[in-house]
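Note sheet for the following structure.
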Amino acid sequence: MPDSSKYDVESASDYLATGGLGEVIGLTSIAMQMGQPKVQMDADMAMALCLLADEALKFRQSTKQ
């Protein structure tokens, strides 16, 4: 089992909130244009993206009429 103390989801989330999300989108777009079906990322970044998506989905649900 992985050592969860090595993960830094908070720093990854901070990175996404301060411009990193645009960088991740840009790099992923380039990979897609090059025909790469997968991208590699750290587990803490994957978790931060999942938490961000969860927050966005909950917000979207709360604003639907």
Margin query: Placing unit charges on C-beta atoms (Lys and Arg positive, Asp and Glu negative, everything else neutral), compute the dipole magnitude of the chain about its Cα centre in debye, rounded to 20.
Written below: 420 debye
Next item on the list: Indicate the gyration tensor shape class of region 1-60 (rounded, prolate or oblate), computed on the Cα atoms with a ≥ b ≥ c the square roots of the eigenvalues: a/c under 1.5 is rounded; otherwise a/b larger than b/c is prolate and the rest oblate.
Entry: oblate
Next item on the list: Give the carbon-plus-sulfur fraction of the accessible surface of the chain in %, rounded to a whole number; probe 1.4 Å, heavy atoms of protein chains only.
Entry: 58 percent
Check: Taking region 16-65, which trypsin sites (Lys or Arg not before Pro) meet the DSSP loop condition and have no more than 10 other C-beta atoms within 10 Å?
Finding: K38, K64
Check: Okay, helix-only estimate at 222 nm for the chain: each DSSP H run of n ≥ 4 adds -39500 (n - 2.57), divide by all residues, round to 500 deg cm²/dmol; what do you get?
Finding: -20000 deg cm²/dmol
Next item on the list: Would you work out the relative contact order for the chain, in percent, from Cα pairs under 8 angstrom that are 6 or more residues apart?
Entry: 43 percent
Next item on the list: Keeping all protein chains in place, calculate the accessible area per residue for the chain (probe 1.4 angstrom), answer in Å².
Entry: 86 Å²
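The values are calculated or read from the model by the stated rules, or taken from the named source; none is laboratory data. Because the structure is predicted, anything quoted here is derived from the model rather than measured. Every residue, glycine as well, gets a Cβ built from its backbone with ideal geometry; the counts of neighbours run over all protein chains shown. We work out accessible area using only protein heavy atoms, side chains counted, and drop any ligands, DNA or RNA first. Shrake-Rupley method; radii C 1.70, N 1.55, O 1.52, S 1.80 Å.
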